[in-house]
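First the structure, in the form of structure tokens, and then the observations on it.
Read-outs: derived from the displayed coordinates by stated rules, not from any lab. Model, not experiment: these values are computed from the prediction. With ideal geometry, Cβ positions are generated from the backbone for all residues, glycine too; neighbour counts draw on all protein chains shown.
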Amino acid sequence: MADYQMQKAIGALFRSKTNRQTGIIQILGSWYDYKVVEGIPEAGSMLEVIDFTSRELLVVVNNEKTESEVNYIDNF
């Protein structure tokens with residue numbers, strides 16, 4: 001079941017709260033650890049989920065995307 005939920009998270013976009021390489025995000029009602037695997041995150045950077053491992057979502061910095069994208073998730 002976790003793999004299915006993580007698969008559904010691929011393509012999700014959210015803004016980074018910090019400049020750290022790792023963090024936690026709530027997507028589709030579940031909390032996930034994430035790790036930035038490409039790019040240098042800064043507070044406010046747009047992050048995109050591209051893959052996952054058994055433990056975490058793998059994300060890249062993608063500042064070309066905006067909050068108006070259909071897959072944007074508010075990271076409050």
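Could you tell me whether the range 2-61 comes out rounded, prolate or oblate from its Cα gyration tensor? Rule is a ≥ b ≥ c as square roots of the eigenvalues, rounded for a/c under 1.5, then prolate if a/b exceeds b/c, otherwise oblate. Before the final figure, lay out each step's value.
Details: a/c = 1.86, a/b = 1.66, b/c = 1.12.
Prolate is the answer for the range 2-61, as a/c is 1.5 or above and a/b outweighs b/c.
How large is the charge dipole for the chain, taken about the Cα centre, if only the Cβ atoms of Lys, Arg (+1) and Asp, Glu (-1) carry charge, to the nearest 20 debye? Before the final figure, lay out the partial values.
On the way: 7 positive and 11 negative charges, 42 e Å.
Around 200 debye, computed over the chain.
Among Ile25, Ile40, rank each residue by its count of other Cβ atoms within 10 Å, from fewest to most, as a rough exposure measure. List each step's numbers first, then the result.
Numbers: Ile25 21, Ile40 9.
So the residues, fewest neighbours to most, are Ile40, Ile25.
Along the charge dipole of the chain, Cβ charges K/R +1 and D/E -1, which of Ile25, Ser45, Ser68 sits furthest on the positive end?
Ile25
Once you keep just the Cα pairs under 8 angstrom separated by 6 or more residues, what percentage relative contact order results for the chain?
Details: 147 pairs, mean separation 26.1, N = 76.
Here the relative contact order equals 34 percent.
Taking a label point 7 Å from the Cα of Thr22 along the Cα→Cβ vector, which residues of the range 32-76 have an amide N closer than 14 Å to it?
32-37, 53-59
Among Thr66, Thr18, rank each residue by its count of other Cβ atoms within 10 Å, from fewest to most, as a rough exposure measure.
Numbers: Thr66 9, Thr18 12.
Listing Thr66, Thr18 from fewest to most nearby Cβ atoms yields Thr66, Thr18.
How do Glu69, Glu42, Glu48 rank when sorted from fewest to most other Cβ atoms within 10 Å of their own Cβ? Before the final figure, lay out each step's value.
Working: Glu69 15, Glu42 11, Glu48 22.
Placing the least packed residue first, the sequence is Glu42, Glu69, Glu48.
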